[in-house]
Amino acid sequence: MQAIDKPAITAGEPPEPNAAARPADAFAPGPLAAEPRATGPVGVDNEAAVQAAAQAARVAELNLAERLAFAQKLAQAEQQLLQSEKMASIGQLAAGVAHEINNPIGFINSNLNTLRDYVSDLLRLIDAYESTPAEAAAVAEEIDLPFLREDVGSMIEESLDGIARVRRIVQDLKDFSHVDHGEWVWTDLHKNLDSTLNIVNNEVKYIADVKREFQPDMPLVHCNASQINQVFMNMLVNAAHAIRARVQAGDYKRGTITITTGVEGDDAVIGIADTGCGIAPEHLARIFDPFFTTKPVGQGTGLGLSLSYSIVRKHGGCITVKSTPGEGSRFSLCLPIKGGASPRAS
C-alpha cells in the first residue's frame, strides 16, 4: 500500500469528523485501496506465489550455473589457445634452439676426443717414469708436456662452459613451455628477459645487436611469469623478423633491438624497440586482432600479438606501440608491480 500524505476530498462534501484519525490509505483511490482477495480456497494465491518464486529462483540458479560453466569452458579454451601458441612458437624456433644446443655439444665432443689422446700420452709418460728418467724425458718432449699441461685445463673449462650453456637453454625451454597452472609469483623481469633472449638467440644474433638498458633497482613484479615470458618472446621474435626484412632488402647488414626497463608510479614499464621495417599505418590498428598477420604463410600464426594483448590486459596492464615505416617500431608494456586484474585501455 502507498501512503497518501494529503487525501483528496470531493468538492462540496465536508470532511468526516474523524477523518484525521483514519489511516491515510483509507483515502487512497481505486486499486491502491484494494486488498488481494482469494478467488478459491483460503491460501491458494499465497501458495501459487511461493511456487512461482521458487521456480524463478531455480531458473536463476540454473542460469548462474550455466554462466559459470560457460566461463569455465571459455577460460579452458583460452588456456589451450595460449599453450598451443607457446608450442607453435617453440616449433618455429626449434631449428634455432637445436643449433644453439648443437654448438656447445660439438666442441664438448671435440674436446673429449682430444682429452682422450692427452690422457693416453700422460699414461705413457707415467709408464716411462717407472722405467728410466731418460725415457721419461724423451716422452715428455715428444708429447710437449708444457703445452699439454696448459691445454688440458682450458679444455676442461671450455667443456664445463658448454655444458652450462646447454643446461641453461634446456632450463629456459622448460620454464617457457611448461603447462601453466596460473601461478602468480614475484618475478625478476630482468631474469625473464635474459631467459627469453637465450631461447630466441638464434633468431637474433645473426642480424641484430641487443642493447639492454635495464634499471638497476628494478623491483620484483607480481605476475604470471610464464605468460609474461610468452609476451617477451612474441615481441622479440617480431622485432627480429622486422629487422631481417630490412637486411634482406639491402638497407643494412645488422639492426638493433633495444630493451629498456623502468618504473612509472606503481607500474613496471618494459620497452622493446627495433630498427626494422616498421608497421604500415593501415595495419597498425589491426595488429592485435586474432589471426591478423602480414608475414608469409608458415612464418606466423597471427595469434602472437593478440594473445600478448590478452595476457597484458589480464594482468591489469596495457600495451602501446609507435611505429614509423622504414625506421622501426617500439612496443611498451606497462604492468602493475603489485599485480592487477582491471584492464586499462591500450
Study note, to complete from the structure: With R₀ set to 51 angstrom, the calculated FRET efficiency between the beta-carbons of Ala138 and Thr260, to the nearest 0.05, is 0.20
Review point. Assuming R0 = 25 Å, what is the FRET efficiency of Arg286 and Glu327, from their Cβ-Cβ distance, to the nearest 0.05?
Key: 0.80
Practice item. Once you've got the Cα coordinates, tell me which of Lys191/Lys211; Lys174/Lys253; Lys211/Lys322; Lys205/Lys253; Lys191/Lys322; Lys211/Lys314 are over 23 Å apart. Key: Lys174/Lys253; Lys191/Lys322; Lys211/Lys314
**Study point:** Approximate spin-label separation Lys314-Glu130, in nm, with each point projected 7 Å along Cα-to-Cβ
**Key:** 6.7 nm
Practice item. Can you tell me the FRET efficiency between Asn103 and His190 if r is taken as the Cβ-Cβ distance and R0 is 22 Å, rounded to the nearest 0.05? Key: 0.30
Check your understanding: Among Asp151, Asp267, which comes first, then next, by fewest other beta-carbon atoms within 10 Å?
Key -> Asp151, Asp267
Check your understanding: What is the fewest-to-most order of Leu64, Leu125 by other Cβ atoms lying within 10 Å of their Cβ?
Key -> Leu64, Leu125
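None of the figures in this text is laboratory data; all of them are computed from the coordinates on show. Note that the structure is a prediction, hence the values are computed from the model and not measured. Note: ideal-geometry Cβ built from the backbone for every residue, glycine included; neighbour counts use all protein chains shown.
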